[in-house]
Amino acid sequence: MDLLLSVLEQGMIYAIMGLGVYITYKILDFPDLTVDGSFPLGAAIGAAMISRGMNPLASVFAALAAGAAVGMCTGIIHVKFKVRDLLAGIIMMTALYTVHIRIAGRANLPIYGRSTIFDNDLVNGIFQGGFSRYKTVVIVLIVMLISKYVLDWYMSTKSGFMLRAVGDNETIVTSMGVDKGTVKILGLAISNALVTMSGCIFAQQQRYYDASMGPGTVVIGLASVIIGTSLFKKVTVWRVTTSVIFGSIIYKACVAIAIKLGLPSTDLKMITAVLFLIILILSMERRRKRTDGTDLYYDDGSGDDPAGMKDTAVGKGDGADA
Amino acid sequence: MLELKHIYKTYNPGTVNEHVLFKNFNLQIDNGEFVTVVGSNGSGKTSLLNVICGSIPIDAGQVIIGGKDISDEKEFVRHRRIGRVFQDPSKGTCPSMNIIENLSIADNKGRKYGLSRGLNKARIDYYRDILADLDLGLENQMDSPVGSLSGGQRQAVALLMATLQPIEFLILDEHTAALDPKTAEIIMKLTDDIVREKKVTTIMVTHNLRYAVDYGERLIMMHQGNSILDKKGEDKEQMSIDDLLSIFNEISIECGN
């Protein structure tokens with residue numbers, strides 16, 4: 001039961017990050033490695049603010065804003081300075097390593113005994129006695145659902161349509177008289193805002209920040225997106241965002257089982273990498289998004305059709321302006 | 001009126017591949033004119049369109065619309081008054097979005113893409129009507145992603161999208177070249193109908209000499225960055241495919257082909 005709860009808690013926290021990765025990887029067609037820096041950035045902001053006795057909820061909003069700013073930086077590096085997408089992310093990821101350690105003041109910052117969004121007077125008043133073990137999972141569920149529904153709503157707006165269009169076919173965005181660079185920057189900002197928020201919530205659930213939280217985050221995010229979208233590609237009753245959430249929970253469950261089977265937790269990154277590889281092989285998703293329209297927001301189909309595929313990851317790096 | 005004044009454009013300057021395309025190129029197109037442009041590969045047809053649309057930078061010269069110099073306007077700003085259809089049907093539509101979503105995007109051109117609802121539900125009946133007019137069966141597939149349509153169907157949707165909102169210029173870049181002859185015919189017919197109905201200034205680059213002769217009221221032949229033939233009105237009416245072909249052959253001989 002405790003294992004299930006912990007899988008659900010972490011799976012849903014990571015699902016928020018997965019939604020961010022979904023925006024960049026699936027919608028923008030932008031492999032954004034900034035995530036490895038923005039996730040621990042959120043954790044550092046959460047831990048730093050809470051350890052100074054600030055409001056834990058305020059730290060979530062601070063993380064959200066910081067993440068948006070970070071995403072904008074990645075976007076500006078890519079769009080304005082025409083640095084290819086992968087490199088723009090790597091630059092930001094590397095720079096952020098310093099930033100989040102600076103914010104936390106050191107490489108590891110525990111916040112035991114402090115009040116968090118999961119552990120404060122209000123929450124403890126609502127969840128009393130036997131229910132108190134469920135408080136974290138319920139709060140995570142609420143935050144995750146809010147994130148999901150706000151994202152779903154945004155994707156159905158005109159601005160959201162432009163975001164979908166820019167990953168689909170940049171030319172059409174220009175044709176509509178809209179600056180495609182701005183749309184990409186906006187997409188990266190929303191994505192990283194979600195990732196950073198997720199990091200902040202994760203730190204509050206784990207009750208510490210650690211600089212080593214970062215590396216591998218993007219792999220977990222991609223794994224969630226790919227598990228979700230390939231496992232549930234035939235499911236049309238819910239949106240892809242829901243599939244991503246289930247993908248994240250399934251992924252966390254796989255990792256939990258691997259550890260339960262006796263693998264030491266120091267092997268976590270290896271488990272992460274191997275699981276990701278297995279998922280990629282099983283889902284056949286080894287190349288970039290195609291232009292033939294089988295890659296959808298509402299109904300994600302992912303058959304293998306090399307003929308209709310865009311160039312591989314190395315080929316299409318210009319992005320910004322041709 | 002659209003004016004190109006003293007346009008200079010060199011590709012790959014300073015390299016072994018340096019290629020001077022436009023050297024003091026000038027062109028005037030009146031409002032409401034339907035111009036067809038022909039020419040061999042590399043003659044500067046598509047570059048001409050790219051210069052007008054701002055898709056490539058020019059080395060010198062001016063692009064003037066209605067007396068206003070727009071040479072410094074960015075590509076996306078210029079497109080607020082330009083509709084463009086490309087040779088590749090996938091360039092004019094969003095493949096993962098359905099027909100209604102695509103048309104809704106196009107219907108909002110010129111306005112802000114903000115946080116109001118993306119789908120234009122009030123216009124769905126109108127979309128159904130214009131799709132039904134195409135006679136391609138698209139009115140029954142409005143929920144299908146455009147990527148699952150055939151090239152001809154996609155190009156038809158692209159053409160509708162380009163002209164859904166009022167535009168000053170319609171730029172057609174060999175937009176029938178990738179289609180089978182029958183579909184090309186349908187799209188060309190549709191193009192002509194739209195141009196007549198909307199009275200939009202149109203520039204159509206084509207390799208199909210018959211289209212160049214049959215459609216439009218002005219014909220330009222490009223060669224090595226110059227317009228070597230420019231016929232309007234009655235002069236154009238009298239042009240035949242054979243006339244065009246013979247000029248093509250002359251050029252080819254000059255070039256040593």
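The values are calculated or read from the model by the stated rules, or taken from the named source; none is laboratory data. Predicted, not measured: the structure shown is a model, and the values here were computed from it. Here the Cβ positions follow ideal geometry from the backbone for every residue, glycine too, while neighbour counts run over all protein chains shown.
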Query - Extreme residue, farthest from the other protein chains (Cβ to nearest Cβ), among residues of region B:111-147 that are in contact (Cβ under 8 Å) with a residue 40 or more places away in the chain and in a helix (DSSP H, G or I) - result: B:LEU134
Query - A:GLY125 being without any contact (Cβ under 8 Å) to a residue 12 or more places away in the chain and in contact with a helix residue (DSSP H, G or I) (Cβ under 7 Å, 6 or more places away or on another chain) - result: no
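This table checks each residue for (1) buried (at least 24 other Cβ atoms within 10 Å of the Cβ); (2) touching a Cys at 6+ places or on another chain (Cβ under 9 Å); (3) part of a helix (DSSP H, G or I).
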| site | (1), (2), (3) |
| --- | --- |
| A:ASP36 | yes, no, yes |
| A:GLY53 | no, no, no |
| A:VAL83 | no, no, no |
| A:TYR97 | no, no, yes |
Query - Residue satisfying condition, being more than 9 Å from chain B (Cβ to nearest Cβ) and of a type in the set (Gly, Ala, Ser), within set A:SER159, A:SER115 - result: A:SER115
Requested in this report: Could you identify the single residue in A:VAL255, A:VAL225, A:VAL237 that is closer than 30 Å to B:ASN98 by Cβ and part of a helix (DSSP H, G or I)?
Outcome: A:VAL225
**Report entry** Close pairs from region A:168-181: first on the phi > 0 side of the Ramachandran plot, partner assigned to a helix (DSSP H, G or I) and of a type in the set (Phe, Trp, Tyr), Cβ under 8 Å, at least 6 apart
**Finding:** A:GLY177/B:PHE76
**Report entry** Filter result for A:GLY214 (surrounded by fewer than 24 Cβ atoms within 10 Å (Cβ to Cβ) and away from every other protein chain (no Cβ under 14 Å))
**Finding:** yes
Query raised in the report: Which of (1) in contact (Cβ under 8 Å) with a residue 40 or more places away in the chain; (2) in a helix (DSSP H, G or I); (3) more than 14 Å from every other protein chain (Cβ to nearest Cβ) is the odd one out, the single condition B:ALA177 does not satisfy?
Result: (2)
Report summary line: The one condition A:ASP29 fails out of (1) at pLDDT below 95; (2) under 30 Å from A:PRO110 (Cβ atoms) is (2)
Query raised in the report: Tell me, which strands (runs of 3 or more DSSP E) wholly within region B:1-110 include 2 or more residues that are surrounded by 15 or more Cβ atoms within 10 Å (Cβ to Cβ) and more than 14 Å from chain A (Cβ to nearest Cβ)?
Result: B:2-11, B:19-29, B:34-39, B:60-65
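So that you can scan it fast, the table gives a plain yes or no per residue for (1) in contact with a Pro (Cβ under 9 Å, 6 or more places away or on another chain); (2) of a type outside the set (A, V, I, L, M, F, W, C); (3) modelled with pLDDT under 90; (4) over 16 Å from A:GLY228 (Cβ atoms):
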{"residue": "A:VAL240", "(1), (2), (3), (4)": "no, no, no, no"}
{"residue": "A:PHE246", "(1), (2), (3), (4)": "no, no, no, no"}
{"residue": "A:LYS252", "(1), (2), (3), (4)": "no, yes, no, no"}
{"residue": "A:ALA258", "(1), (2), (3), (4)": "no, no, yes, yes"}
{"residue": "A:GLY262", "(1), (2), (3), (4)": "no, yes, yes, yes"}
{"residue": "A:THR266", "(1), (2), (3), (4)": "no, yes, yes, yes"}
{"residue": "A:LYS269", "(1), (2), (3), (4)": "yes, yes, yes, yes"}
{"residue": "A:THR272", "(1), (2), (3), (4)": "no, yes, yes, yes"}
{"residue": "A:LEU275", "(1), (2), (3), (4)": "no, no, yes, no"}
